[in-house]
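This report concerns only the one structure given below.
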Amino acid sequence: MKSIKNIYKIGCGPSSSHTMGPAYAAAHFRELYPTADKIEAVLYGSLSKTGKGHGTDRAISETLKDVETHICFSKESTDFRHPNTVDFIAFTNESEIGRKRYYSIGGGEIRGDGDKVLAPPEIYPHRTFSDIAAYCKSHNIRLSDYVFAHEQSDIKPFLMNVWKTMQNAIFEGLSKTGKLPGGLEVERKAQFLYNQKHIDESPQTKENRLVCAYAFAVSEQNADCGIIVTAPTCGACGVVPAVLKYMQEKKHFTDDDIIRALAVAGLIGNIVSTNASISGAECGCQAEIGTACTMASAALCELFEMGIDQIEYAAEVAMEHHLGLTCDPVCGLVQIPCIERNAVAAMRAINALSLANFLYASRKISFDVVVETMYQTGKDLSHLYRETSEGGLAKLYSNK
């Protein structure tokens, strides 16, 4: 498996697959053809159908601002290697000098036809949770220790920077009000949620309110093209920071504790990315929010120093109950239903933590099995429900 650094990318929202990935691809292509005086980008599949709402054209144009750029939203429906496909074509004096096809596979990751350079190096010797768990048990180490043993020496400072960026996204999101861009007139709600304090508020109500406020804050920052951390994607970036922020405040965990939790969350996200997908365009929102919930659940278990079997149970429960979740963003924007889904998934992660504390010994389904199930389910989903904005809420809302 690759480094968990590829799960946590710091950048601007609103979409890791539709803005970050295409921008990285554009930059890579520009390096290949620095003498080109014009570049054409042809978007296919989900990039074409929801690219306007996600800002794909803006991300590419800003990356290629030093050269004349033309962007085409193709209606070609040919099956591609991945639903997020883009062709870049370079010209000099109106003559084509080169072209290359890229795939934005989720979480800001890109691949290119005939190009292995874009694929991050493999640094972990294992690919499945069962193999990793067996190794850790035989060496009497925790999952976080496994991560630190295989990553480069700068992994802890890297994760500290990730945590600081996540906290800042929460702070910034809570400080702002007003409507989000894009035309849906969606109001920011994070600050409102955070300030709704009542004298007789129950502990459970307070927990739900604060966790949701933090998730809304990060997700609203993402929707407003603010700086966030993919965990594992932009569209699901609010889940992990929300639960970690809440638990640090409630239980006074140190930043070092948070770093260990982020290491485990990154490992879980890595397993999903390696063996299935974290792309909504490929497998629906179960691949994004579902994975974010599993990462958050595992992170919480690590904070409370639960065993490996308990961590697996929490991660499995979190993914299992997101199976089949569609990706149907209204108008192609990462707002409805994406923002609320981050808040709901954050609360579900805490539920998974509680269940794992009591029921892990009764587990029948392994995490590896539920990851494979998610991938097969995603492949079986109609294209209408895989980030095309042609079905579900996206379709019905537009008809009102």
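Couple of notes before you dig in:
- Taken over segment 250-299, the residue count meeting the criterion of being of a type in the set (D, E, K, R) and closer than 15 Å to Val162 by Cβ is 4.
- Residue check, Ser46 in a helix (DSSP H, G or I) and within 17 Å of the chain's Cα centre (by Cα): yes
- Taken over segment 268-293, the criterion of being assigned to a helix (DSSP H, G or I) and either free of Cβ contacts under 8 Å to residues at least 40 places away in the same chain or open to solvent by 10 Å² or more (accessible area, probe 1.4 Å) (or both) is satisfied by Ser273, Thr274, Asn275, Glu282, Cys285.
- Once segment 212-267 is narrowed to residues that are among the β-branched types (Val, Ile, Thr) and part of a helix (DSSP H, G or I), the residue that is nearest to Thr19 (Cα to Cα) is Val218.
- Flag if Tyr397 is in a helix (DSSP H, G or I), touching a Lys or Arg at 6+ places or on another chain (Cβ under 6 Å) and over 17 Å from Leu262 (Cα atoms): no
- Just so you know, in segment 129-145 the residues that are among the hydroxyl-bearing types (Ser, Thr, Tyr) and without any contact (Cβ under 8 Å) to a residue 40 or more places away in the chain include one that is nearest to Ala261 (Cα to Cα), and it is Tyr135.
- Given (1) out of contact with any Gly (no Cβ under 9 Å at 6 or more places or on another chain); (2) modelled with pLDDT under 95; (3) not basic (Lys, Arg), number of the condition Gly332 does not satisfy: (1)
- Failed item in (1) of a type outside the set (Phe, Trp, Tyr); (2) modelled with pLDDT of 95 or more; (3) within 15 Å of Cys212 (Cβ to Cβ), with Lys197 passing the rest: (2)
- Residue check for Val370: in contact (Cβ under 8 Å) with a residue 12 or more places away in the chain, part of a loop (DSSP other than H, G, I, E, B), hydrophobic (A, V, I, L, M, F, W, C) and surrounded by 22 or more Cβ atoms within 10 Å (Cβ to Cβ): no
- Candidate set from segment 172-217 (those that are among the basic types (Lys, Arg) and within 17 Å of Ala349 (Cα to Cα)); member that is surrounded by the most Cβ atoms within 10 Å (Cβ to Cβ): Arg209
- Candidate set: segment 1-26, residues that are of a type in the set (Gly, Ala, Ser) and either over 27 Å from Asn168 (Cα atoms) or under 15 Å from the mean Cα position of the chain (by Cα) (or both); chosen: the one surrounded by the fewest Cβ atoms within 10 Å (Cβ to Cβ): Gly11
- Residue in segment 49-70 that is nearest to the chain's Cα centre (by Cα), counting only those that are closer than 11 Å to Ala26 by Cβ and small (Gly, Ala, Ser): Ala59
- Flag if Cys237 is under 23 Å from Val334 (Cα atoms) and either basic (Lys, Arg) or surrounded by fewer than 24 Cβ atoms within 10 Å (Cβ to Cβ) (or both): no
- Restricting attention to segment 109-128, the residues being basic (Lys, Arg) and free of Cβ contacts under 8 Å to residues at least 60 places away in the same chain number 2.
- Only one entry in Glu68, Glu96 is without any contact (Cβ under 8 Å) to a residue 24 or more places away in the chain and more than 23 Å from Leu184 (Cβ to Cβ), namely Glu96.
- Residue within segment 146-167 that is in contact (Cβ under 8 Å) with a residue 12 or more places away in the chain, closer than 30 Å to Leu384 by Cα, within 25 Å of the chain's Cα centre (by Cα) and open to solvent by less than 40 Å² (accessible area, probe 1.4 Å) present: no
- Sole residue being over 17 Å from Gly266 (Cβ atoms) and not aliphatic (A, V, I, L, M), chosen from Asn161, Asn168: Asn168
- Residue list for segment 385-400, filter: touching a residue at least 40 places away in the same chain (Cβ under 8 Å) and open to solvent by 50 Å² or more (accessible area, probe 1.4 Å): Tyr385, Glu390, Leu393, Lys395, Tyr397, Ser398
- Residue in segment 297-304 that is buried (at least 20 other Cβ atoms within 10 Å of the Cβ) and either modelled with pLDDT under 95 or among the charged types (D, E, K, R) (or both) present: yes
The values are calculated or read from the model by the stated rules, or taken from the named source; none is laboratory data. Treat the numbers as computed from the prediction; the structure is a model and nothing was measured. Counting neighbours? That spans all protein chains shown, and the Cβs are built from the backbone with ideal geometry, glycine included. Surface accessibility is based on the protein's heavy atoms, side chains included, excluding ligands, DNA and RNA. Shrake-Rupley method; radii C 1.70, N 1.55, O 1.52, S 1.80 Å.
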